[in-house]
Amino acid sequence: MSIIVAIKKNNRIVMAADTLTTFGDSEVMPQENARTPKVGRIGDSLIGGAGWAVYDDILNNYLSTRPTPDLTSSKKIFSFFLEFWKALHEQYTFVNDQAAQAMSPFGDLDSTFLIANSGGIFTVASDLGVTSLSRYYAIGSGGEYAIGVLYTLYNRTDDIKEIATDAVNAAIAMNLQCGGAVDVLQLDI
């Protein structure tokens with residue numbers, strides 16, 4: 001699993017994540033043996049995903065054959081993920097169309113994404129719903145611990161890199177599905 005946090009403050013954005021690598025119930029040991037980067041860049045956006053790690057490979061493969069998408073608004077992000085959803089079913093046929101709940105009328109990516117850029121912070125839920133956030137957010141295992149740290153420290157300091165690192169470290173300390181080192185990316189907007 002993963003913990004991904006994003007913070008926007010004073011024309012800067014930081015995204016941070018843990019680096020734990022697991023295969024099902026097995027953790028790669030020692031952790032230095034497999035450091036999984038969980039945050040990256042798509043054009044002028046930072047992106048991180050929590051869920052199945054294969055989505056990183058699928059997304060990278062999908063983007064390698066297309067122009068860099070504009071992900072600066074909820075509408076543009078939703079449109080991008082609609083096209084991605086279509087490609088999942090046409091090009092990546094090993095991906096199952098499943099719903100988390102049997103009564104759900106929607107398919108399920110079984111992963112969530114966090115995107116941050118000059119347009120703000122956006123979370124993409126597993127049902128493709130896009131939510132815009134103005135200050136900070138966290139997704140993945142231990143997200144509730146990370147959000148608590150973000151809430152507590154956001155107004156206390158302008159060092160958002162430190163806040164993001166502290167939030168990820170809280171998730172690592174409190175949730176068994178998080179671990180490894182902390183990766184941090186910064187974007188000036």
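Observations on the structure shown:
- The Stokes-Einstein estimate for the chain, based on a Kirkwood radius over Cα pairs and taken at 25 °C with 0.890 mPa s viscosity, is a diffusion coefficient of 146 µm²/s.
- Listed by chain and number, the lysines whose C-alpha is less than 29 Å from the C-alpha of Lys86, apart from same-chain residues fewer than 8 away, are Lys38, Lys75, Lys76.
- For the options Lys161, Lys76, Lys86, a Gaussian network treatment of the chain with springs between C-alpha atoms closer than 10 Å singles out Lys86 as fluctuating the most.
- Whole-number Å³ per residue for the convex hull built on Cα positions in segment 17-82: 104 Å³
- Relative contact order (percent, whole number), the chain, Cα cutoff 8 Å, 6+ residue spacing: 34 percent
- With contacts taken as Cα pairs under 8 Å at a separation of at least 6 residues, segment 1-108 carries a relative contact order of 16 percent.
- Ranked packing of 148-159, 17-28, most packed first, by mean Cβ within 10 Å: 17-28, 148-159
- Taking the helices alone, the chain has a mean residue ellipticity at 222 nm of -9000 deg cm²/dmol, built from -39,500 (n - 2.57) per DSSP H run of at least 4 residues and averaged over all its residues.
- Evaluating 6.51 cos²θ - 1.76 cosθ + 1.60 at θ = phi - 60° for every residue in segment 137-144, the Karplus couplings come out as 6, 9, 10, x, 4, x, x, 5 Hz, glycine and proline recorded as x.
None of the figures in this text is laboratory data; all of them are computed from the coordinates on show. Owing to the predicted nature of the structure, the values given are computational and were not obtained by experimental measurement. Every residue, glycine among them, receives a Cβ derived from its backbone with ideal geometry; neighbour counts consider all protein chains shown.
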